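What follows draws every value from the coordinates through simple rules; no lab data is involved. All figures in this text were calculated on a predicted structure; none of them were measured in a lab. Backbone-built Cβ (ideal geometry, glycine too); neighbour counts: all protein chains shown.
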Amino acid sequence: MTDMYSIGIIIYEIYSRKSPYEGEDFRDTIRKICDRRVNKRPPTPEMCPSKMSDLMKKCWSPDPEFRPKAKDLDLLLMDMNSRDAEPLEPEDNKEKQPRTGDMLYQLFPSKVADVLKRGEKVEPETHENVTVIFSETMNFNEMTRSVTPLKISQMLDRLYLALDKVASQHHVFKVETVGDAYMGVTNLENDQDDTHVKNAAEFAMAMVREASTILIDPENPQLGCINIRVGFHSGPVVSNVIGSLNPRYGLFGDTVNTASRMGTLCLCSNR
């Protein structure tokens with residue numbers, strides 16, 4: 001039964017990421033552990049799911065007769081594994097973390113996500129009239145030579161988080177980000193035949209405003225804020241999902257190329 005007690009301690013160590021009774025007097029701790037009236041045990045780790053917490057407490061029960069036998073423990077763990085998709089994941093985290101299916105609908109248009117979720121191959125699709133938007137960060141290459149890669153990645157993360165929020169406000173589908181370039185499109189999913197150009201223009205102006213409020217490096221404010229330039233163009237495109245390992249959703253056609261050139265050739269902080 002001492003083995004079962006050890007398993008309870010191991011469960012504690014897995015979820016707490018530390019040894020029990022750290023910094024406590026060894027002799028006094030052992031005495032309190034062995035005294036059934038005191039029944040000293042480690043506290044339940046904050047991230048420990050309820051089922052594992054119950055199992056942990058059974059394993060270090062003060063009465064060895066109430067501790068599970070090895071065979072019973074094996075059956076219990078097998079039952080947990082068959083009943084729960086992720087038995088060792090805290091229940092609170094299940095609500096906070098997006099499910100795989102939900103992530104598909106963030107990364108792909110709804111129709112494409114439906115196909116992928118069924119495990120089927122996505123066929124290319126022609127879209128007669130969309131507006132493609134491109135933005136890029138001014139002086140990005142020079143910036144990478146004077147700012148550390150860590151700072152660059154943190155800057156882009158702050159920028160793209162802000163642009164993602166603006167995109168959702170203007171009914172823009174985010175296609176991808178590559179380095180300092182952000183690509184979006186309107187009239188791809190929702191029926192925006194009468195408003196997709198207006199939505200793209202308002203999105204472009206909002207992007208410039210938002211970027212101009214984000215510091216390149218909050219710890220070095222003298223570097224200033226991010227300047228971007230944005231271009232967009234309307235026309236037909238073909239969409240497709242490319243590859244099977246980390247599949248990428250992409251748009252193809254002259255409309256995409258023209259929109260990219262519009263962004264590259266416009267003036268700083270202009271649309």
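At a glance:
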read-out	value
Angle in degrees between helix 70-83 and the longest Cα principal axis of the chain, rounded to the nearest 10	20
q = 0.20, 0.21 Å⁻¹: log10 I(q)/I(0) that the Debye formula gives for segment 155-214, counting C-alpha atoms only	-0.71, -0.77
Whether segment 2-84 is rounded, prolate or oblate, judged on the alpha carbon gyration tensor where a/c under 1.5 counts as rounded	oblate
Full-extension gain in nm, Ile10 to Met205, via 0.36 nm per residue minus C-alpha separation	64.6 nm
For segment 49-80 and segment 170-246, distance of Cα centres in Å	53
Contour minus Cα-Cα distance for Lys165 and Asn246 (0.36 nm per residue)	26.8 nm
Net charge of Cβ neighbours under 9 Å - reference Pro236; Lys, Arg +1; Asp, Glu -1	-2
Per-residue ³J(HN,Hα) for segment 234-243, Karplus 6.51 cos²θ - 1.76 cosθ + 1.60, θ = phi - 60°, Hz, x for Gly and Pro	10, x, x, 9, 10, 10, 7, 9, 9, x
Using alpha-carbon coordinates, inclination of helix 2-16 to the longest axis of the chain, degrees	30
Within a Gaussian network of the chain (alpha carbon springs, distance under 10 Å), most fluctuating of Thr44, Thr29, Thr258	Thr29
Of Gly184, Leu76, Thr264, farthest towards positive along the dipole that unit charges on Lys, Arg, Asp, Glu beta carbons give the chain	Leu76
Stretchable slack from Met103 to Thr44, in nm (0.36 nm times residue separation minus alpha-carbon distance)	18.1 nm
Neighbourhood charge, 13 Å Cβ-Cβ cut-off, centred on Asp3 and excluding it, Lys, Arg +1 and Asp, Glu -1	+1
Degrees, to the nearest 10: 254-265 long Cα axis against longest axis of the chain	90
Most mobile listed residue (Glu202, Glu120, Glu22) in the chain, GNM with C-alpha springs under 10 Å	Glu22
GNM flexibility winner over the chain from Lys57, Lys198, Lys174 (Cα, springs under 10 Å)	Lys57
Rounded FRET efficiency, nearest 0.05, which uses the C-beta distance separating Lys111 from Asp194 and R0 of 25 Å	0.70
Cα coordinate range in the chain, projected on the principal axes (Å, largest first)	78, 50, 28
Projected label distance in nm at Glu24 and Asp54, using a 7 Å step from Cα toward the beta-carbon	2.5
Proximal charge balance of Met138 [Cβ under 13 Å; K/R count +1, D/E count -1]	-2
Estimated inter-spin distance, Leu77 and Arg145, nm [label 7 Å along Cα→Cβ]	5.7
